[in-house]
Structures are given as C-alpha cells and as structure tokens.
Amino acid sequence: MKFRNRFAIETVAADTLSLVAAGAFASWQVYGTVLPWSSGSLLISGQNPRPMVALLLIGVALGSWQSVRVVEPSVPRPLYSRAFTTGFIAVVAFALGIVAMRPYYSQAWTTLALGGWFVLAMTHRAVRRRSTWTENMVIVTDEKALVDDLAESPHANVVDVLEPRGEPPATALAANTTLVVDLRAVLSDQMASFVSSSTLAGYEVRALSSVYEEHTGRLALVHLAAGWEISVPLEKRAPYGPFKRILESLLIIVTSPLWLMLAGLTWLAVKIDSPGPALFRQPRIGFEDRPFTMYKFRSMVVGADDDGPQFTTPDDPR
C-alpha cells in the first residue's frame, strides 16, 4: 500500500510538472513570454489567463490522480493508457470550468499546452518503465505453492518464509520490508506478537491473498474464504464508481466513429476466416447478480464450447 501511494504521488507530480513545462512553452509561443501575465506579454488589456492556466492544472492533477488511484489489483505501473485517461479527464474538467466560469481562454495556448503535456507524460512514463524495482517481503505461511509463485514474480523478492506456528526471527525486519501474513493460518502466540509489534513499529503488514493477486495477477483460490472481499472492498478500488457510467458513455460517443469502423473490419475478418456467425453470445452474471447477455466477436470455431468450458492450450485447434 505504501508503494502504491508513493507511485500515485510520483505520477501526479510528474504529470503536473509536465504540464507546467508544456504551459511555459505554449505561453512563450503564444504570448512571447513563459508567464503570460508578466510584463512584455502579448495579452490584450483586460485578458486574464490565470483562470485558464489554473483550470488546466487542476484538470491534469485530478485526472492523473484518478487514473492512478483507480487501478486493477496488480502491481502499479506507469501505463501509457493512463495518460489518455488523464488527458480525457483534464479536458472534461477544463471544459466544464470554462463553461461555468466564462473566463478568458486561448485555444492556441490550450492546444499547445495539452499537446506538449501529452508528449512529456508519455516520455516520463517510458523512462519510469525502464527502471527496475522489487518489493522485499517476509512471508508468514505454510502454503509453499503460493510462495513459489511469488518468488517467480519479477517484482517480488521473497527474503524469508516463516512458519505460522513457529518462532519469530531473532532480529527485526530490515528496512523497506513488507511483512506478508497468511490470514488463513493459525499463528503461535509468539508469531502473533511479532506481527503486532511489526505493525506498531511502522512496517507494512499485508494479507498474503492481496499481495499474491497484485504480483501474479491471479487469485489464490485457497484464500477465497479469508475475507479478501471485505479487506479490500470494491469501493476503495473504484472511488469514481458513481461517475464510471458517465465517463464510459462520453468515451463511447466521442470515439464511436473509430470503433464502428474497426468493428466493421473485424466482422469482415471473422467471416472470411471461418464459417459461422461473427458474433458470439453467452449469458453472464453482472453487477448485483443481474444476468445479461455478453456479445463479442467470435475468436474460436463454431461449437468450441459444446463440451463445456475449457482452458485454452498452446496451438489450440479451436
């Protein structure tokens, strides 16, 4: 969790500084100075660019924060796709602010600032993706298979594995070490005291099910009864839940010409590749246990599920 918060803060700071640099360049191009409200600016008397600049800064900071805080249960990474999400939220917030406040704004400055920010945002994400890091962890569990899976994860460094009913280590944990605890295991009195004292000492103590899911991208099925759905509720992973449908609808409307064209090409490719309908339908259970029919382009031969659901295999004939 500490790493996730640090990642979010670093990303928001980098995005905001990128906009400051891009805004300064845009001001120099449009107004002849890096600060459009300074002396020597090409502003006409009565034009105040401060609200315009503030709205864009707020929009980018808000969009960046939302895009990194609302992440899938996995190790946070500086994904390029989140730059698009940040830009979209920033544009929406900026447009709403302009409509509500009716301040002066320059279309040329806004276009240059957003374009420059996007280039810098993609650049700092590319640089940060090259840096390697690992999370050092001491695991309290007797589930060897889960430990082996974590040890193979590129960002997990398993320093030690402790028996839940055994004795705690004689020395304190090293700095920047996460204590990962199997909530299904019964701890000895000494181990329980060690876990509690580690929490009080400021170490990060986390559930094995949560750490396993983040680093491997899979659910530890043996831990489904460990209260994972309570310890990490959906609302905390999706604070923008009430606005999700609005954002998705706006994105669909704005990008519909592109997706309709791609959908048509995909439909044609599926029909040419194999006989049968291009669309595949299947009943699914959705939000609040409501059934719905899922539609997607068919990626297997017709009748691939006649023998029931199966995992795909390399060179699967289906």
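Scanning segment 208-225 for residues that are under 16 Å from Ser153 (Cβ atoms) and either in a strand (DSSP E or B) or not acidic (Asp, Glu) (or both) yields Leu208, Ser209, Ser210, Val211, Tyr212, His215, Thr216, Gly217, Arg218, Leu219, Ala220.
Residues of segment 86-104 that are open to solvent by 60 Å² or more (accessible area, probe 1.4 Å) and either closer than 15 Å to Ala14 by Cα or within 24 Å of the chain's Cα centre (by Cα) (or both): Val91 alone. In segment 292-302, the condition of being open to solvent by 80 Å² or more (accessible area, probe 1.4 Å), over 30 Å from Phe88 (Cα atoms) and under 31 Å from the mean Cα position of the chain (by Cα) is met by at least one residue.
Gln107 passes every criterion in (1) of a type in the set (S, T, N, Q); (2) over 24 Å from Phe25 (Cα atoms); (3) surrounded by fewer than 19 Cβ atoms within 10 Å (Cβ to Cβ); (4) within 31 Å of the chain's Cα centre (by Cα) apart from (2).
When Lys271 is tested against (1) surrounded by 12 or more Cβ atoms within 10 Å (Cβ to Cβ); (2) touching a residue at least 12 places away in the same chain (Cβ under 8 Å); (3) charged (D, E, K, R), only condition (2) is not met. Which residues, taken from segment 41-71, are at pLDDT 85 or above and open to solvent by 20 Å² or more (accessible area, probe 1.4 Å)? Scanning segment 41-71 gives Asn48, Arg50, Pro51, Val53, Ala54, Leu55, Leu57, Ile58, Ala61, Leu62.
If you go through segment 177-187 and pick out every residue that is out of contact with any helix residue (DSSP H, G or I) (no Cβ under 8 Å at 6 or more places or on another chain) and open to solvent by 20 Å² or more (accessible area, probe 1.4 Å), you end up with 2. Being surrounded by 15 or more Cβ atoms within 10 Å (Cβ to Cβ), in a helix (DSSP H, G or I) and polar (S, T, N, Q) holds for only one residue in Ser198, Ser193, and it is Ser198.
Checking Thr312, Thr255 one by one, the residue that is modelled with pLDDT under 90, more than 30 Å from Phe84 (Cα to Cα), within 29 Å of the chain's Cα centre (by Cα) and open to solvent by less than 100 Å² (accessible area, probe 1.4 Å) is Thr312 and no other. Residue check: is Ala174 of a type in the set (Gly, Ala, Ser), under 9 Å from Val140 (Cα atoms), assigned to a loop (DSSP other than H, G, I, E, B) and open to solvent by less than 70 Å² (accessible area, probe 1.4 Å)? No.
The sole residue among Ser74, Ser27, Ser18 that is among the hydroxyl-bearing types (Ser, Thr, Tyr), at pLDDT below 75 and open to solvent by less than 40 Å² (accessible area, probe 1.4 Å) is Ser74.
Filter segment 84-142 down to residues that are of a type in the set (Lys, Arg) and closer than 17 Å to Ser67 by Cα, then give me how many there are.
Taking segment 84-142 first, the residues of a type in the set (Lys, Arg) are 102, 125, 128-130.
Applying the additional criterion that residues be closer than 17 Å to Ser67 by Cα yields 125, 128-129.
Selection size over segment 84-142: 3.
Would you please name the residue that is least open to solvent (accessible area, probe 1.4 Å), looking only at residues in segment 161-171 that are within 17 Å of Met137 (Cβ to Cβ) and not in a strand (DSSP E or B)?
In this case the residue turns out to be Pro164.
Scoring Trp133 on the criteria (1) within 29 Å of Gly217 (Cα to Cα); (2) surrounded by fewer than 17 Cβ atoms within 10 Å (Cβ to Cβ); (3) in contact (Cβ under 8 Å) with a residue 40 or more places away in the chain leaves a single failure, condition (3).
The values are calculated or read from the model by the stated rules, or taken from the named source; none is laboratory data. In this text the structure is predicted, and so the values were computed from the model without any measurement. Neighbour counts run over all protein chains shown; Cβ positions are idealised from the backbone, glycine included. All accessible areas refer to the heavy atoms of the entire protein, side chains included, with ligands and DNA or RNA removed. Shrake-Rupley method; radii C 1.70, N 1.55, O 1.52, S 1.80 Å.
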